[in-house]
Amino acid sequence: MHVMDTLHTCIRGGRVIDPASGLDSTADVLVHGAKVQAIGDNLQCPDDARVIDASGCIVTPGLVDIHVHLRDPDTSGHHEETIASGTAAAAAGGFTTLCCMPNTTPAIDTPQVVAKIIADATAAGHAAVSPVACGTMGRKGTELAPIDALLAAGAVGISDDGDGIADDAMMAAVLERVAANDSIFMQHCQDPAMTVGAAMNAGDLARAMGVGEWPAAAEAAMLARDVEVNRSIGARYHAQHVTCREAIDVIRAARAEGQPVTGEAAPHHLLLTEEECRGGNTMAKVNPPLRTAADVQALREAVADGTITVLATDHAPHPGQSKARDFQSASFGMTGIEFCLPLYREALVDSGAISWSRLIAMMTIEGARLTGLDTAGVGRLQATGRADLTVIDPDATWQVDPATFRSKGLNTPFTGRALRGRAIATIAGGRLTWSMLGDRAGAGIEPVA
């Protein structure tokens, strides 16, 4: 639908939270073009300004997701997602900045692919995309990728996500180049020798279902190996989608030693257990797998005590036919970027683990700092800063309905789940990229389709 085109947007009376500066107070925010012009009380708005009534809402820096799968480029013909559809979905979830993973076809292992992804996202106009490029060519673990050139082309991190780098010497070589560039390595912690044929968490349920077992030790073992390899190198190291107590213990110990190790949690691992897989529910098949209730609790505790510092969705779209199979052969992965905010709220704020302010920090400045994007103003909401903002109605109630997704991926086990809290407006570079403000009385702005 058409949205009034204006250089000015005035967001009135919201609870403005900027964890980077410690701001948390009721205020107005005035946007002019691609910059925040002012933050304060009773700001004077130009006559031509788009006015957003944010009373009862939270106004934050644009949300940042450092772990998404946009499936683009794709020469395989699967067309599971595109940069345009994935970034549109991100805007609906309140995100203005994404870091996309390199398990594409072809893989993100050349500077040309890095540059094309950035350009395609800019052309789509929904959200900025910063690629995370390969550590090894084709993510095969045998030949070092041109890490220096990939980072120079605009990649903000290095990973072979979808696979861990199993060879010790290759892992060391990758970490050395990452350290030399003061970048970040993001590891998919999975020992391949321990997960041959694995489909879900190891235990009684997997055995009853007759599917391959995925032990928690496979995650912790690679993580522990990496910490040891990196001890003499000192690269910044990030464990992706942490799922289990054993891996948390490794991260906690490494951080206590002062090693530059961080970890992230995904919404499904903070809420769901392996029980979701019972009956062969392929929508709950994800890599790494859903674990036990004890692991969910351990993960929440790790968020609460600061062991886990970043929240990231691992948004992984798949076509319906790849899930319409038996559990053992179905694809791994689930979508979630459009509705992760209320899931995080349920798991972490409603449970009392952390505050709204800390939740916003873990969805903005923490990921921006990790990837170095904070130096460009990402993850911050401040006068003269970039106009990336999200307006959140913390009390909006709704349900997960794949029929409404902007993503091409409809694969989620959360269908029908009742949610509380929603991004009702997303502004990226001063442009309104998502709006549900027409649903709020007096807002006077039509929804963005």
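Using a Förster distance of 35 Å, how high is the FRET efficiency between Ser329 and Ala217, based on the Cβ-Cβ distance and rounded to 0.05?
So the FRET efficiency works out to roughly 0.90.
Would you please name the trypsin sites (Lys or Arg not before Pro) within the stretch 244-343 that are DSSP coil residues with at most 15 other C-beta atoms within 10 Å of their C-beta?
Filter output for the stretch 244-343: Arg278, Arg325.
Just want the ordering: Thr307, Thr404, from fewest to most Cβ atoms lying within 10 Å of their own Cβ.
Sorted ascending by nearby Cβ count, the order is Thr404, Thr307.
Based on other C-beta atoms within 10 Å, arrange Asp249, Asp395 from fewest to most.
Ordered by Cβ neighbours within 10 Å, fewest first: Asp395, Asp249.
Considering the options Ala221, His78, His188, tell which one lies farthest towards the positive end of the dipole of the stretch 61-376, charges being +1 on Lys and Arg and -1 on Asp and Glu at the Cβ, about the Cα centre.
Final value for the positive-end residue is His78.
Report the FRET efficiency, 1/(1 + (r/R0)^6), for Ala293 and Gln44, where r is their Cβ-Cβ distance and R0 is 60 Å, rounded to 0.05.
Working from the Cβ atoms, E equals 0.65.
Could you give P(r) for the stretch 238-365, binned at 5 Å from zero, as whole percent values over all Cα-Cα pairs?
2, 11, 21, 22, 20, 13, 7, 4, 1, 0
Ratio of Rg to Rh for the stretch 1-141, alpha carbon only, Kirkwood?
1.08
Working only with C-alpha atoms, what are the Rg and Dmax values of the stretch 68-150, expressed in angstrom?
When restricted to the Cα atoms of the stretch 68-150, Rg and Dmax are 12.5, 39 Å.
So what's the gap between the Cα centers of the stretch 318-387 and the stretch 75-89, to the nearest angstrom?
Distance between centres, Cα-based: 19 Å.
On average over all directions, what projected area in square nanometres does the stretch 338-405 have, based on the convex hull of its Cα atoms?
Mean projected area for the stretch 338-405: 5.8 nm², to one decimal.
Which value at 222 nm does the chain reach when only helices count, each DSSP H run of 4 or more adding -39,500 (n - 2.57), with the total divided by all residues and rounded to the nearest 500 deg cm²/dmol?
Calculated at 222 nm, the ellipticity per residue is -7500 deg cm²/dmol.
Express in % the proportion of alpha carbon pairs of the stretch 38-95 at distances exceeding 18 Å.
56 percent
Restricting to the chain, compute how many DSSP beta bridges are antiparallel as a %, nearest 5.
The antiparallel fraction comes to roughly 50 percent.
Here, each number is a calculation from the coordinates, and none is a lab measurement. These numbers were taken from a predicted model, which means no experiment stands behind them. Reconstructed Cβ throughout: ideal geometry from the backbone, glycine too, with neighbour counts over all protein chains shown.
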